[in-house]
Amino acid sequence: LQLVESGGGLVQPGGSLKLSCAASEFTHTMAWFRQAPGKEHEGVGCIISGVSSAYYADSVKGRFTISRDYTENKVYLQMHSLRPEDTADYYCAAAHSRIGQTTCVRPIWPDYWGQGTQVTVSS
């Protein structure tokens with residue numbers, strides 16, 4: 001299975017950006033993680049087939065939205081009200097199984113990772 005992210009770039013504080021991740025096949029769980037320079041992977045949120053709502057880390061709740069296109073095996077991360085502390089490499093991750101929502105923001109379960117796309121929030 002391959003995951004390919006796109007949509008990263010430079011954005012000013014308060015701005016918005018939308019990331020996309022294309023998967024080569026269906027998986028039950030898809031998620032976004034991020035890694036800032038010198039820090040460990042941090043879960044952003046996940047979306048699980050059969051579960052109506054995505055799950056988010058507290059740090060992005062209310063600002064980020066994860067959505068999924070099951071017909072094209074794509075997952076999106078819409079980011080609003082971006083802050084300098086959101087600067088990181090963003091990674092798409094996936095697993096064939098359904099992962100529990102509270103577990104999905106921990107970087108311990110993904111079977112597959114994308115190559116990452118860089119997001120820089122700076123004026």
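At a glance:
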quantity	calculated
GNM top mover of 39, 61, 18 - the chain, alpha-carbon springs below 10 Å	39
Average Cα contact separation per residue, region 1-58, under 8 Å, 6 or more apart, as relative contact order %	24 percent
Only Lys, Arg (+1) and Asp, Glu (-1) charged, at Cβ; region 30-73 dipole about Cα centre in debye	140 debye
Accessible surface, the chain, averaged per residue in Å² (probe 1.4 Å)	50 Å²
Portion, in percent, of the accessible area of the chain that falls on carbon or sulfur, probe 1.4 Å	46 percent
Nearest-20 debye value, the chain charge dipole, Cβ charges on Lys, Arg, Asp, Glu	240 debye
For region 47-123, with +1 on Lys and Arg beta carbons and -1 on Asp and Glu, the positive-most of 109, 79, 52 along the dipole	52
Between region 16-48 and region 71-103, the alpha-carbon center distance in angstrom	3 Å
Coil-residue GluC sites (Glu not before Pro) of region 1-83, DSSP, other Cβ within 10 Å capped at 13	25, 40, 72
Region 21-123: chymotrypsin sites (Phe, Trp or Tyr not before Pro) falling in loop per DSSP and having at most 10 other Cβ within 10 Å	70
Residues of type lysines that residue 74 reaches as a straight line, Cα spacing below 25 Å, ignoring anything fewer than 8 places off in the same chain	18, 61
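The values are calculated or read from the model by the stated rules, or taken from the named source; none is laboratory data. Computed from a predicted structure; not experimentally measured. Cβ atoms come from the backbone with ideal geometry, glycine included; neighbour counts cover every protein chain shown. Ligands, DNA and RNA are excluded from the accessible area calculation, which covers all protein heavy atoms including side chains. Shrake-Rupley method; radii C 1.70, N 1.55, O 1.52, S 1.80 Å.
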